[in-house]
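See structure below.
The values are calculated or read from the model by the stated rules, or taken from the named source; none is laboratory data. Because the structure is a prediction, the values reported are computed rather than measured. Neighbour counts are summed over all protein chains in view; Cβ atoms, including those assigned to glycine, are modelled from backbone coordinates with ideal geometry. Each accessible area value is taken on the protein alone, full model and side chains, heavy atoms only, with ligands, DNA and RNA left out. Shrake-Rupley method; radii C 1.70, N 1.55, O 1.52, S 1.80 Å.
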Number of protein chains: 2
Amino acid sequence: MVATNDCDVLIVGAGPAGLMLSTWLSKLKIRTRIVDKAPTKVLVGHADGVQCRTVEVFQSFGFAQRLVDEGAHINEVVSWALDSKGDLQRTGRIPDNEPGTSRFPHAVLSQGRIERFLLDAMKDFNELTVQRSTAPVSMSVDQNLVADFSPNSYPISVTLRRLTEEESVPTQLGAVPNGLHRSNLLADDESDAAKGTKEAGAFDNAGEEETIRTKFLVGCDGARSWVRKQMGLSLEGDAAGAVWGVLDAIVSETSFPDIRLKCTVQSKVGSILIVPRERDYVRFYIQIGSTKPGERFDRSSVTPESIIETAKKIMAPYTLECSDFEWWTVYEVGQRLCKTFSHDERVFIAGDACHTHSPKAGQGMNTSMMDTYNLGWKLAHVLQGKATPDLLKTYSEERYKVAKELIDLDYKLSRMFSAKPKEEGGDGDGVSLAEFKAFFKSLSRWASGTAVHYLPNMLVAPERQPALAPGLPTGMRFESHLVVALADARPWHLGDRLVSDGRWRIILFAGDVREQEQKEKLEQIAAYLDTPDGPIRRYTPPDDDLDSVIEVLTIISNPRISVEPNAFPAILWPARKPYGSRAYDKLYADDSSPVTPNVRGKIYKNLGIDPKTGCIAVVRPDQTVSLVCALDEHKQIGDFFAQFMIAQA
Amino acid sequence: MVATNDCDVLIVGAGPAGLMLSTWLSKLKIRTRIVDKAPTKVLVGHADGVQCRTVEVFQSFGFAQRLVDEGAHINEVVSWALDSKGDLQRTGRIPDNEPGTSRFPHAVLSQGRIERFLLDAMKDFNELTVQRSTAPVSMSVDQNLVADFSPNSYPISVTLRRLTEEESVPTQLGAVPNGLHRSNLLADDESDAAKGTKEAGAFDNAGEEETIRTKFLVGCDGARSWVRKQMGLSLEGDAAGAVWGVLDAIVSETSFPDIRLKCTVQSKVGSILIVPRERDYVRFYIQIGSTKPGERFDRSSVTPESIIETAKKIMAPYTLECSDFEWWTVYEVGQRLCKTFSHDERVFIAGDACHTHSPKAGQGMNTSMMDTYNLGWKLAHVLQGKATPDLLKTYSEERYKVAKELIDLDYKLSRMFSAKPKEEGGDGDGVSLAEFKAFFKSLSRWASGTAVHYLPNMLVAPERQPALAPGLPTGMRFESHLVVALADARPWHLGDRLVSDGRWRIILFAGDVREQEQKEKLEQIAAYLDTPDGPIRRYTPPDDDLDSVIEVLTIISNPRISVEPNAFPAILWPARKPYGSRAYDKLYADDSSPVTPNVRGKIYKNLGIDPKTGCIAVVRPDQTVSLVCALDEHKQIGDFFAQFMIAQA
C-alpha cells in the first residue's frame, strides 16, 4: 500500500535534535511529520549533560522546571592527581560555571528523560507525535520547484517504510547487553515503552510504504545519517585513537569523598571522569584502550565489571564498590564534521549527522538540540510567509561555526585526558597539572553554551562602535536579569518574557524617562513604530494583535513608582483582542519589587547600558541579539527587518 | 441497587478543603473515597486568593510552579481615598507581604484552577478521582467500634445516592446566570467539564444507592454541611449587615493608574476592593447594600452592569469601561463558627462547614485547605499504625484557634470596609484613614498564612526558655532558607527538602563541627539515634529504610569544604535500599554554592541560632515546628515522640 500525504517539514530521526525541532515546529503550528527507525524513545543511558543555555531554552518552552527537579546539578569540578610522592590528592576545585553565567544550573539527566520532556511538549503544543519503526527508503527533489515557495509547491518526495522488529530494534553491544535493565523506568516512560513491542502491534504494518510530499526535509538521523548520504555529503576528520568505556552505576561503598561532584582523576594507571547523576547513579568515563588509525577495538572483552575494575585501580587507594549497573557502552568516536548542513536550503541535517565527537565535554546532546533550535523558527518564518527563504542560509553558516569550535575543543580535551600526566618541570608529550587545570577553567564558559557567538549576517548586525550595551553583544544570547513590572510590581526575569513563540522582540532600554529628553526620544520611537511603514505595522497581518510578530518591551531606569503606565504611548502597551484589555505586561523598570526590596536585577549596570540614555536591542525568536543601537538610531530597526521580512498586505 | 465497599476515609465534598485532604491521603496511599454533589469541579469564579503559606504547601506536593506560572501575583496594596478637597487620591502604598515573609508570592487564580492542580496531583499520586453527582443520604456510627482501631473495624456506615441533573447542577443566582460564560476554559478543564453533562451520561445512574463502611468520615461540604448536621452541630455567630457584589471582568479602558495592583478605594459613594487577576481579568468587590438582622437582600435587581455602574461612581473622576464579565455573585455572609470540628475523632468537618466569613480577606479557600492539610497526615498516622488515635484530638484544637482568629479579623475588616470614612479629626462611627491603613498593615502577616501559631499540645512542645532559635517558634511553620549540600555543592531551599510525604524531620543544626566539643555532641546524638530504643529505630518498621518515618537532616555552620561527608556518623546519612547508595542528601552547610558565591541563605543568622553551638528542631509532616532543644538535650526527642508514636515490632 502506498499512501500520499503532504507536510511542510519532514524530520527523520527523533533523538534530541529531531525532537527539539518537532517541539519548536509544534509550538509554531507548522504541519510537521517526524519518523524514527527505533520502536521506542531512548529508555536508559546515552547522553546526559544539559548545559545552562539549553536549560534556558527549555524554560522558554515551559519545561525547564521538570529538568531542574529531576536532574542532578553540577556545581563544582574537582581535579585529583598524583602528588610528588605518588599519592592521589585533590589538586583543585573550580565552579562548574563562572558565577553569573546563567540563572539556571548545569543539570545532568538521562537522555531518555530529556526526550520525554520534548515528546510531552510537542504533544501539548499541537498534538504532534513520532511515527516509530519507520525509515525513509528513497527520496527525490524536483529541481523545478526548489525556488518555488508558493503554498502548493512540494519539491521533495520521500518514501517511508514501516520496519520489522529485526530492522527496528537497536542491536546490542558485545556479549553483555548494554541496555542493561529497565527496572528503574518512570511510569510515563514505562507506558511509552510498552507501545513499542511486538505484543502491542508495533510491527504489524512492517513493509508498508508511504510516499510523503514535503517542503523541507531535515535529517536528524545520527552519525550514519541516511539523509546526509542522499545529499552526497560525508563526515570528514580524524578517526579516534583512544577507546573509552562509559558506565552508569550505583556506588554502594566508597572512601572517595567527591563521588557526588564532577571529578577528573588522573593516575599512572589512567584517567577517569566522574559525573554524579540523578537517582543516586554515578557516570564513569574511563579510558580502556587505544587504537591505531584503521584499527577497530575488540569490544568483546569489555564488561561493566571490567570497566569498574579499571576504575578501582585508577582511584586506589580509595575504595569503590558498585552494586547496580544501569547502562554502559564503549566508544571510539573521532572528531568529524560535515562541510555544510544544508542542500539548496530545502534539505538540512542537524546534530550527529553534521558533527561527531567524544561525549566527555557533555556537548553532544546540547549542540544537537541547539542546531535545530536555530533552524526551527527560520523554517516557520518562511512557511508562514513572514520572511524570505534567504534567511535559511544563515542556519548552516551559524551552526557550522559552533560545530567547528566544538570539534576543535573536543580534540584538545580528548588529548588532555588520554595523555599521561607530566611530572612538574619535566618535558615530553605529557600534560602538566597546570595545563590541565587552565584548560578546564577555559572550558567552563564554552561548555555552558552561553559563549556561542554568531558572526554578522543578515540576522546579526555588526557590533555598533562604541558598544552601547557591552553585556549584549550581537550574535550572542540575550542575558537575562530581574526587572519589575510597572503595572503590578511583579519581579520578572526578563528572559521569562522571551518565550519561544516565534516572535521578535524590540527591547527599549528607555533610560530615565523623567528627563524630558528621554521622554521625547521614547515618543519619537513610538511614533516611528506606530506608522504604517514602521516595522510593527508593516510586518504584522492587519487582523492580528500588534505584538504578534514583533513584541516591544520597554525597560526604564527610573524607579517604578516615579511614572504611571498611562504616561506611555499606546503602541508600547497595545490593546489585546478580543476584549480590549491593555497589555500592561510590556512595561518594566530596573527596580525591585516591594516584597523583595533587597533583590534588584540591575539590568542596566549588568549589561553595561547607560541608565540616562539607554539603547535599543532587537532580539531574534531564538533569543539571539540581532541589533543594538541608540534610541535616536531607531530607523535602523526598520532597515534591519527590511533585509529579510516580507510586508503583510 | 445497594453495593457495599469499605474505605479508610470517606470525604464528602470536593471543594478546596476536600481536595486538599484527598490529595494528601492519595500521596500517603490511604484508601480514600471522595464524593461531591456537583457534576463538575468549579469552572469559573468563586475564591481566588492563594496566600504564601498555601503556595509553600503546594510546593511540598510538587505543584507550586503551576500556580506561580498561571496566577497573577499580588506585590503591593494601594489605598485610595478622598483628600480634604474631596478629590480621590492615592493615600498609601504598602508591600502586600512584609519582605522576607516567604520565598513564594501571594498569588491569585480562579478556584477552578486550584481544584485542577489538586485533582491532577491526587490522580498522579494514587489514581484517586472524585465520584461526582453523588451525595450522602444517611449515616450511622457504631458506638461499640468507635474506640476499636483494629484493621477490620469500620465504625461508620454512609449511604450515598447518585443524583439527578436537577439535584446535582448548582442553581443560578437571580435573573442573570452567575456562571456567566465558560468560553475561557483551559483545555484540561474543558475536557473535564464535558464529562459532567447529561450527554456524557453523568446522571444515568441517578437514584442508585451504595452503602460504604469507613473508618473516618470528613465533611468538607460547605456552609450548609450535611455532615455537620448529622453531628448535631451548627454554625454560630452574627448574620451579615453589608451586602457585597463580586465581579470578574476585563477592563477595556481606564484612566485609573493602579488597576493591576490590589487597591482599596473609599469615596463618599462607597468602597471597592480591586484585585488584579490572571488572564487580564480584574476582580471587584463592591458594597451594594445592607440588611438588618433577619432580613434577606433582594438580589433580583443586581446585575453585572449594575455592579460596574456603582464602581464607576466610586472611582470617579477616573474612567472605567469593562468589556467582558466572566463571573459574578452577591454575598451577605456573616462571621459564623462551629464550636468543635470533630465528633469522637471519627467524624470531622473542615473548611466552610466549620467557619464562614466574607471573602475580602482572601482567607476562605486558604484556611479550608490548611484545615485538611493539618488533618490528613494525622489520619494517615493512625491508619498506618504509626501513632495513637489521641493525636487526632489536636485537629479541632489547632484549627478552631485559627478559625476563631480569622472570624475576629474578618469581623473587623468588614466593619472597616462598610463604615463611612471619617473626616480627619472628626468623631462618630467612621473609620479614619490612619486607622484603615494601620489595620491593613497589621493584616498582611496574618493574611500570608505564615503567622498561624498552634498552642502547646502533644504535638507542639512548649517554647524552650531561653529560645535557641527565635526564628523557629514551636507551633509555627518551619521558615525556609537556602543551604548548600555538602556532597554535591547544590544550593537548596531547606523547605524543598521538607516535602509532604508523611515523614517527620529532625533538623540538627550541628554548629561548627570543626570544634571538638561540637563534633562530640554530634556523635553523642548520632549514637542515641542509632540505638534500638532511639526514636528512629523504635518507630521505623524493621524492613524499611531508616529515614522512612523520621528523616534526619544535618546543617553545619562551618564552610562546606571544611569537612568531608565521610566524617559524619552513618545514621546521619544512612544507606538506601535496594542498592545501598548512601543518602548524601541529608548533609548541608550554611554556606553558598560555588556557582552562586554571593547568594547565601544565612540560616543560622536568620533563625537566630548560635553558629557555634546550634540546636535541634523536630518538624511535623505538615512543616510545623514541634520541638526545639539544645544538642545535649537530645533525649527530649525520644520523650516527645513517646507521647503518641507506636513502637514498631
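From the backbone phi of region A:212-225, what are the Karplus-calculated ³J(HN,Hα) couplings (6.51 cos²θ - 1.76 cosθ + 1.60, θ = phi - 60°) in whole Hz, Gly and Pro given as x?
10, 9, 9, 7, 9, 10, 10, x, 10, 10, x, 4, 9, 2
Return the loop-located trypsin sites (Lys or Arg not before Pro) in region A:264-324 (DSSP other than H, G, I, E, B) with at most 12 other Cβ atoms within 10 Å of their own Cβ; answer none if there are none.
Answer in residue order: A:Lys268, A:Arg296.
As a check on your reading of the symmetry: which chain B residue has its Cβ nearest the axis that brings B onto A, and how far is it in Å?
Nearest Cβ to that rotation axis, in whole Å: B:Gln65, 3.
Going out from 0 in 10 Å bins, what whole percent of all Cα-Cα distances in chain B drops into each bin?
3, 15, 24, 24, 18, 11, 4, 0
Taking R0 as 60 Å, what FRET efficiency do you get between B:Asp533 and B:Thr164 from their Cβ-Cβ distance, rounded to the nearest 0.05?
On the way: r = 60 Å, r/R0 = 0.99.
The value I calculate is 0.50.
What is chain A's relative contact order, in percent, from Cα pairs under 8 angstrom and six or more apart in sequence? All intermediate terms of the calculation are to be shown ahead of the outcome.
On the way: 1391 pairs, mean separation 93.9, N = 649.
Relative contact order comes out at 14 percent.
In nm, one decimal, shortest first: how far is the label point of A:Gln384 (7 Å from Cα along Cα to beta carbon) from the matching points in the other copies?
From this label point to the equivalent ones elsewhere in the assembly: 4.9 nm.
Amide H of A:Cys322: which non-local residues (sequence gap of 5 or more, or other chain) have their own amide H closer than 5 Å, using H built in the peptide plane?
Here A:Ser252 satisfy the definition.
Compute for chains B and A the buried accessible surface, both sides summed, probe 1.4 Å, and express it in Å² to the nearest 100.
3700 Å²
How large is ³J(HN,Hα), in whole Hz, for each residue of region B:354-362 in order, when computed from phi with the Karplus curve 6.51 cos²θ - 1.76 cosθ + 1.60 and θ = phi - 60°, using x for Gly and Pro?
9, 7, 10, 5, 6, x, 5, 7, x
Given H placed on each backbone N at 1.01 Å, which residues far from B:Val243 in sequence or on other chains put an amide H within less than 5 Å of it?
Those qualifying (amide H under 5 Å, at least 5 residues apart or on another chain) are B:Ile288, B:Gly289, B:Ser290, B:Thr291.
Given the pairs B:Lys27/B:Lys404; B:Lys41/B:Lys441; B:Lys262/B:Lys312, which are separated by over 23 angstrom at their Cα positions?
Those over the limit are B:Lys27/B:Lys404; B:Lys41/B:Lys441.
Among residues other than A:Gly241 whose Cβ falls under 11 Å from its Cβ, what is the net charge (Lys/Arg +1, Asp/Glu -1)?
Neighbourhood net charge equals -1.
Provide the net charge surrounding A:Val483, with neighbours chosen by a C-beta distance below 14 Å and charges set as Lys +1, Arg +1, Asp -1, Glu -1. Can you show the working numbers first?
Values: positive: A:Arg103, A:Arg490, A:Arg497, A:Arg505, A:Arg560, A:Lys586, A:Arg600, A:Lys602, A:Lys605; negative: A:Glu479, A:Asp488, A:Asp496, A:Asp585, A:Asp590, A:Asp591.
Net local charge, A:Val483 excluded: +3.
Using alpha carbons only, how many degrees (0 to 90, rounded to 10) separate the axis of helix A:393-418 from the longest principal axis of chain A?
30 degrees
Out of every Cα-Cα pair in region A:371-414, what percent are more than 11 Å apart?
Roughly 67 percent, rounded to a whole number.
Using modelled backbone amide H atoms (1.01 Å from N, in-plane), which distant-in-sequence or interchain residues come within less than 5 Å of B:Ser432's amide H?
Answer set, sorted by chain and number: B:Lys422.
How big is region B:482-642 by Rg and Dmax over its Cα atoms, in Å?
In Å, with Rg to one decimal and Dmax whole: 14.7, 44.
At B:Gln89, label 7 Å along Cα→Cβ: distances to the other copies, nm, ascending?
Distances between equivalent label points, in nm: 7.3.
What are the distances, in nm and sorted shortest first, from the label point of B:Pro473 to the label points of the same position in each other copy, with each label point placed 7 Å from Cα along the Cα-to-Cβ direction?
Sorted ascending, the copy-to-copy spacings read 5.4 nm.
Rounded to two decimals, what ratio of Rg to Rh does region B:1-87 give with C-alpha atoms and a Kirkwood Rh?
Radius of gyration relative to Kirkwood radius: 1.19.
Please report the relative contact order for region B:482-642, taking Cα pairs under 8 Å with a sequence separation of at least 6, and give it as a percent rounded to a whole number.
It rounds to 33 percent for region B:482-642.
Select from A:Phe348, A:Ser432, A:Trp377 the residue farthest towards the positive end of the dipole of region A:303-450; place +1 on Cβ of Lys and Arg, -1 on Cβ of Asp and Glu, and compute about the Cα centre.
A:Trp377
Note the direction-averaged projected area, equal to a quarter of the hull surface, for the Cα convex hull of the protein assembly as shown, in nm². Working shown, then result.
On the way: hull surface 210.4 nm².
Answer in nm², one decimal: 52.6.
Take the Cα atoms of region A:333-377, find their three principal axes, and give me the spread along each one in whole Å, biggest first.
The principal-axis extents, from largest down, are 33, 21, 9 Å.
Once phi is turned into θ = phi - 60°, what whole-Hz ³J(HN,Hα) does the Karplus curve with 6.51, -1.76 and 1.60 give for every residue of region A:267-273, x standing for Gly and Pro?
Whole-Hz 3J(HN,Hα) from phi for region A:267-273: 10, 5, 6, x, 10, 10, 10.
On a 0 to 90 degree scale, rounded to 10, what angle separates helix B:111-126 from the longest Cα axis of chain B?
30 degrees
Which FRET efficiency value, to the nearest 0.05, do you get for A:Glu633 and B:Glu405 by plugging their Cβ-Cβ distance into 1/(1 + (r/R0)^6) with R0 = 51 Å?
0.30
Quick one: Kirkwood hydrodynamic radius for region A:436-571, alpha-carbon pairs, angstrom, one decimal?
Radius from the Kirkwood sum: 17.5 Å.
Along each principal axis of its Cα atoms, how long is region B:228-283 end to end? Whole angstroms, biggest number first, please.
Projected onto its principal axes, the Cα set of region B:228-283 covers 53, 31, 14 Å.
Heavy atoms only, probe 1.4 Å: what % of the accessible area of region B:482-642 goes to carbon and sulfur, would you let me know?
That fraction is 50 percent.
Extending each Cα 7 Å along its Cβ direction at A:Asp545 and B:Lys605, get the distance between those two points in nm, one decimal.
With each label point 7 Å from Cα toward Cβ, the separation is 4.3 nm.
Calculated FRET efficiency, A:Tyr584 and B:Asp496, Cβ-Cβ r, R0 45 Å, to nearest 0.05?
Computed FRET efficiency for A:Tyr584 and B:Asp496: 0.90.
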